[in-house]
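Note sheet for the following structure.
The values are calculated or read from the model by the stated rules, or taken from the named source; none is laboratory data. Small disclaimer: the values here were computed from a predicted structure and weren't measured. Virtual Cβ from ideal backbone geometry, glycine too; neighbours counted across all protein chains shown.
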Amino acid sequence: MGIQIKKRNGFTLIELLVVIAIIALLLSIIVPSLQRAREKAKTIQCKANLKGQHVAMKLYLEDNDSEYPLSYGYIVNGYPGGGIPALEPLECQWHNRLIDPGLNPAYAGALWPYIETMKSSLCPTFGSYAKFSGHTSCAVPFNPMYSYSQNHFLGYSAYGVKRESDVFNPAGVLVFVEETIWRITEPAPKAPLAAIWILNDTCFMARHPADSQFPGDTIATYHETSTAAPNKGKGNTVFVDGHVDLSDPWDTEIINGKEYRRSFLLSFPKRGARNAAKPY
């Protein structure tokens, strides 16, 4: 009589728990890696978009005697007096598709003929954080249109310089920047950052410490962080010389007893700005 082997109908409870534990372990390794890879891809696209904006600006400068356009209407000519619907708050302009130049040519800004698409003006990462901005209560549909702003000190000679050739440090002065879209009042690990002004028009104006409206506009904080800590990250910037980099708005520098924010130090294009009591 041969030995009978009893067939098993399935996993024991212990074996099943082991399998589940292994799957959970693999997911804990794979999922974060996929998320990081996805975010990395978005950041690469964001930097490529900024690079494209810089190319458009260079083409514009070649056609306009090297003079920068005014930041208020570089891509969307929607500043008050430029055609914004009467009931539309300025701070909601960046998600008002009614003034998309691709849909309404009347709102086309100076660089629009060189870009002709709003897609290149919006960082893919931006959408994940836009809900933190508090603009969902605006009357217009919440449909983000752009996330970049032009350095106000380029093109407005009363405060900065008018021509590209007047920029004293092309590698250290930004042209376009991601601007914060929510007010920041909490302290950071490095230094306090007060973001009073937020993304609205396409003008980025960081203020000198002697300015009554200091610190003015501030570089965004939603890269290299998470939605759980949206204030702790950095923002992408493209500089006059064409290179793109992540800039940390939390960085500060004490010069002659005054605290200079990174947003201003990367924006002001005149020589000697760091030592001037009132550079503009």
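Please determine, by comparing only the residues of segment 129-169 that are modelled with pLDDT under 90, part of a loop (DSSP other than H, G, I, E, B) and polar (S, T, N, Q), which one is surrounded by the fewest Cβ atoms within 10 Å (Cβ to Cβ).
Ranking the candidates gives Ser137 first.
Determine whether segment 179-199 contains at least one residue that is in contact with a His (Cβ under 7 Å, 6 or more places away or on another chain) and modelled with pLDDT of 85 or more.
Within segment 179-199, the first condition is being in contact with a His (Cβ under 7 Å, 6 or more places away or on another chain), and the residues that meet it are none.
No, segment 179-199 contains no residue that is in contact with a His (Cβ under 7 Å, 6 or more places away or on another chain) and modelled with pLDDT of 85 or more.
Within segment 248-263, track down each residue that is on the phi < 0 side of the Ramachandran plot and out of contact with any helix residue (DSSP H, G or I) (no Cβ under 8 Å at 6 or more places or on another chain).
Across segment 248-263, the qualifying residues are Ile254, Ile255, Lys258, Glu259, Tyr260, Arg261, Arg262, Ser263.
Tell me the residue from Ala206, Ala210 that is hydrophobic (A, V, I, L, M, F, W, C) and under 27 Å from Lys42 (Cα atoms), please.
Ala206
Kindly evaluate Val177 against the criterion of being touching a Pro at 6+ places or on another chain (Cβ under 6 Å) and under 24 Å from Tyr72 (Cβ atoms).
Working: touching a Pro at 6+ places or on another chain (Cβ under 6 Å): no; under 24 Å from Tyr72 (Cβ atoms): yes.
The answer is no for Val177.
Answer with yes or no whether Arg207 is among the charged types (D, E, K, R), under 22 Å from Thr125 (Cβ atoms) and surrounded by 15 or more Cβ atoms within 10 Å (Cβ to Cβ).
no
Looking at (1) under 30 Å from Lys131 (Cα atoms); (2) in a loop (DSSP other than H, G, I, E, B), find the lone condition where Thr237 falls short.
The failed condition is (2).
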